[in-house]
Amino acid sequence: SGSAATVNSPDPSVLGLRPPPPEFTFTRLVYQDNGAMGFGGFGGFRGRGSWRTDAPDAEFHFLQGLHRLTRVDANDGFHALALMDDELFDFPFLYGVEVGRWYLSDEEAARLREYLLKGGFLMVDDFHGSSQWEGFMESMRRVFPDREVVEIPDDHEVFHVHFDLEHKVQIPGVYALMNGQTWEQDGVTPHWRGIFDDNGRLMVAINFNMDLGDAWEHADDPQYQQPLTALAYRFGINYVLYTMSH
C-alpha cells in the first residue's frame with residue numbers, strides 16, 4: 001500500500017537500560033558544623049546538621065520552578081555530597097546553606113578550592129549577622145587566602161543571564177517575616193557578594209543576610225509573601241544558568 005510502517009522505540013527499562021542522567025543536578029553541600037569552634041555555640045539544625053536546613057522541601061519546590069520556567073533538564077530528587085566524595089567533580093553546582101555554621105578542615109578547604117578553580121560553582125545562603133559572617137569566613141579564608149570577597153556589581157551577568165534582577169530586596173527567613181521584619185541578628189542590610197577567578201568568572205555567590213531556601217521551601221505557604229518567593233526563584237535560576245554556561 002506504500003504506507004510507512006510505525007516503529008515504536010522500546011522502553012529502556014524493558015531492556016534493562018538506565019535513562020540518561022539529567023543535564024543539571026541540584027546538589028546540596030554536606031559539611032561538619034562549627035559548634036566546637038566558638039562561633040555562637042551552634043549545634044546544628046534540630047540536632048541533624050545545619051547543612052540539612054530546609055531539605056528536601058526547598059529543593060522540591062525550587063526544581064519545580066526550574067522545570068517550569070526554563071528548558072533545563074534537571075533532577076527531581078534530593079542529592080547531597082560531601083567535599084571528599086569521589087563524584088564531587090561530576091556536579092558543577094553546590095548549594096551551601098547555613099554556612100555561618102560550617103567548618104571545613106584543611107583537606108576539605110583544599111578540595112573546595114580545586115573544585116572551584118576547575119570550573120565548579122558554589123552558592124551559599126541563609127546566614128545572618130556579623131557572628132555568622134565570621135563563622136563563614138573562618139573556613140573560606142582557608143579555601144582562598146589570596147582572594148577577596150567583593151560585592152557583585154549590579155550589571156554583572158549573573159543578575160541578567162535570564163531574569164534582569166535590578167530590583168534587589170532582602171529575602172527573609174519565614175520566622176523573621178512572621179515577626180514583621182526581614183532581618184535576623186544584626187544582619188539588617190542584604191548583600192550579594194562573590195569570589196571570582198583570575199578570568200573574572202564568578203565562583204562563589206554569597207547571599208548574605210538572606211534566606212532563599214526558606215522562600216523556596218514555603219512557596220506554597222500563604223504566610224510567606226509571593227513576591228519574595230518569586231524573587232528567590234529568579235535568583236536561583238540565574239545562578240543555575242550562569243553555572244551551566246560558564
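Could you tally the net charge around Lys168, taking each other residue with its Cβ under 13 Å from the Cβ of Lys168, Lys/Arg +1 and Asp/Glu -1? Mind dumping the intermediate values first?
Numbers: positive: Arg193, Arg234; negative: Glu151, Asp154, Asp155, Asp164, Glu166.
Result for the local shell: -3.
Where Lys and Arg each count +1 and Asp and Glu each count -1, what net charge lies around Thr70 among other residues with Cβ under 12 Å from its Cβ?
On the way: positive: Arg68, Arg71, Arg234; negative: Glu23, Asp73.
That sum, taken over residues with Cβ under 12 Å, equals +1.
Can you tell me the Rg and Dmax of the chain, counting just the alpha carbons, in angstroms?
19.6, 82
I'd like the antiparallel share, as a percent to the nearest 5, of DSSP beta bridges with both residues in the chain. Don't jump to the answer; show the numbers that get you there.
On the way: 11 of 25 bridges.
Percent antiparallel among DSSP bridges in the chain is about 45.
Per residue, how much accessible area does the chain show when a 1.4 Å probe rolls over the protein heavy atoms, in square angstrom? Can you show the working numbers first?
Working: 12090 Å² over 246 residues.
Each residue of the chain exposes 49 Å² on average to a 1.4 Å probe.
Using θ = phi - 60° and the Karplus relation 6.51 cos²θ - 1.76 cosθ + 1.60, list the HN-Hα couplings for the range 129-144 in order, rounded to whole Hz, with x at every Gly or Pro.
Working through the residues one at a time gives x, 5, 5, 6, 4, 5, x, 5, 6, 4, 7, 5, 5, 7, 5, 10 Hz.
Give the carbon-plus-sulfur fraction of the accessible surface of the range 36-167 in %, rounded to a whole number; probe 1.4 Å, heavy atoms of protein chains only. Walk me through the numbers before you get to the answer.
Values: 2940 of 6290 Å².
Heavy-atom surface of the range 36-167 belonging to carbon and sulfur, 1.4 Å probe: 47 percent.
The values are calculated or read from the model by the stated rules, or taken from the named source; none is laboratory data. In this text the structure is predicted, and so the values were computed from the model without any measurement. Virtual Cβ from ideal backbone geometry, glycine too; neighbours counted across all protein chains shown. What goes into the accessible areas is simple: the full protein's heavy atoms, side chains included, and nothing from ligands, DNA or RNA. Shrake-Rupley method; radii C 1.70, N 1.55, O 1.52, S 1.80 Å.
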